[in-house]
Amino acid sequence: MTLLDPARLFKCLGDETRLMLTLLICREEELCVCEMTHALEESQPKVSRHLAQLRNCGLLDDRREGQWVYYRLSDAVPDWVGEVLLAADKGQDERLSRLQVRLASMGNRPERRLAMC
């Protein structure tokens, strides 16, 4: 089964934590694990486990920069998946906005290089 299979996509996003991680990453373009644990108020092992599942589904790519690992939506995600994520984002707008406010209040956020990709 590939990412092009809608059943696999929906199974991967069927968990609330994975859905919120994916949507938050889409909004922010790129986040590290510490930012996601802060925004969602979840443990690092739980967030990391869900991120690994999202990476295995083909939704996310990661990159290492020093001690930080950053996650972003995969460039290989087909357009129809982007449309699904946009619709889900609209349905979760209020909650995602609160998570972004929480994220913005995070102290000691890691600095990113300007030329990421």
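Every number here is computed from the coordinates shown, using simple stated rules; none is lab data. Just so it is clear, the structure is predicted and the values come from calculations on it, not from any experiment. Here Cβ is always computed from backbone atoms with ideal geometry, including for glycine, and neighbour counts include all displayed protein chains.
Structure notes:
- Ranking Gln44, Gly66, Pro78 by how far each Cα lies toward the positive end of the dipole of segment 1-108 (charges on Cβ) leaves Gln44 at the top.
- Amide H partners (placed H, <5 Å) of Cys32, local residues excluded: Tyr71
- GNM top mover of Arg98, Arg64, Arg18 - the chain, alpha-carbon springs below 10 Å: Arg64
- For segment 22-39, putting each phi into the Karplus relation 6.51 cos²θ - 1.76 cosθ + 1.60 with θ = phi - 60° gives couplings of 4, 5, 5, 4, 4, 5, 8, 6, 7, 9, 9, 4, 4, 5, 5, 5, 5, 4 Hz, in residue order, rounded to whole numbers and with x for Gly and Pro.
- Only one item in [x] 11, 24, 25, 17, 12, 8, 3, 0; [y] 11, 35, 42, 11, 0; [z] 13, 49, 33, 5, 0 matches P(r) over Cα pairs in 10 Å bins from 0, in percent derived from the coordinates shown, and that item is [z].
- With neighbour counts taken as other beta-carbon atoms within 10 Å, the residues Glu83, Glu30, Glu65, Glu35 rank, fewest first, as Glu83, Glu65, Glu30, Glu35.
- The fewest-to-most ranking of Met36, Met106 by surrounding Cβ atoms within 10 Å reads Met106, Met36.
- Nearest 10 degrees, 0 to 90: helix 79-91 Cα axis against the chain principal axis: 60 degrees
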